[in-house]
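Reading through the structure tokens given below for one structure.
What follows is calculated from the coordinates using simple rules that are stated; it is not laboratory data. Quantities reported herein were computed from a predicted structural model and do not represent experimental measurements. Here the Cβ positions follow ideal geometry from the backbone for every residue, glycine too, while neighbour counts run over all protein chains shown.
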Amino acid sequence: MDLNPVFQPLIAALWYLLPLAIMTGLIKSPWFKGKFGEFLVNLSARWFLDKSRYRLIKNVTLPTEDGTTQIDHVPVSEFGVFVVETKNMRGWIFGGAHPRLFRDRDKACARYNVLQGEVH
């Protein structure tokens with residue numbers, strides 16, 4: 001039995017669903033969200049930081065005793081050197097200068113270690 005006449009109109013009508021499904025899967029992936037978040041931080045830094053006062057260094061790799069560590073963004077200015085680590089998390093995050101933990105507003109009692117490693 002030849003099924004070509006049955007499937008050919010179906011494929012012709014629904015050909016666009018496969019690329020759409022692939023794009024949807026890509027956009028919802030943690031990898032894409034991380035890359036897009038870093039892109040937004042870079043774009044915001046370039047638009048909102050005064051170029052005469054700030055220099056933005058991206059993807060800094062530093063040697064450590066255990067190998068290397070990577071920092072996403074380092075704005076340098078006359079006011080200091082700032083380290084910005086981009087994360088893919090939902091909600092608001094609260095923390096302070098001295099605690100090694102931060103709290104996620106969306107989870108009643110959740111606490112997370114703010115350090116990726118001892119060098120962060």
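How much length would be gained if the chain were fully extended between Leu40 and Val60, taking 0.36 nm per residue of separation minus their Cα-Cα distance, in nm to one decimal?
5.4 nm
Rounded to the nearest 20 debye, what is the charge dipole size of the range 4-88 about its Cα centre when +1 sits on each Lys and Arg Cβ and -1 on each Asp and Glu Cβ?
Working: 9 positive and 7 negative charges, 71 e Å.
Approximately 340 debye in magnitude.
Restricted to Cα positions, what overall size does the range 4-88 have along the principal axes? Three whole-Å values, descending.
71, 36, 15
Beta carbons within 10 angstrom, averaged per residue: use that to sort the peptides 20-32, 75-87, highest first.
Numbers: 20-32: 10.2, 75-87: 12.0.
By packing density, highest mean first, the sequence is 75-87, 20-32.
Over the range 4-88, what is the relative contact order in whole percent, taking alpha-carbon pairs under 8 Å and six or more residues apart?
Working: 73 pairs, mean separation 18.9, N = 85.
About 22 percent, as a whole number.
Using 0.36 nm per residue, how much length does the chain from Thr86 to Lys33 gain when fully extended, once their Cα-Cα distance is taken away?
On the way: separation 53, 0.36 × 53 = 19.08 nm, distance 1.05 nm.
So the extension gain works out to 18.0 nm.
For the range 4-88, with the dipole built from +1 on Lys and Arg beta-carbon atoms and -1 on Asp and Glu ones, taken about the Cα centre, which of Val60, Gly25, Ala13 lies farthest toward the positive end?
Positive-most Cα among the choices belongs to Ala13.
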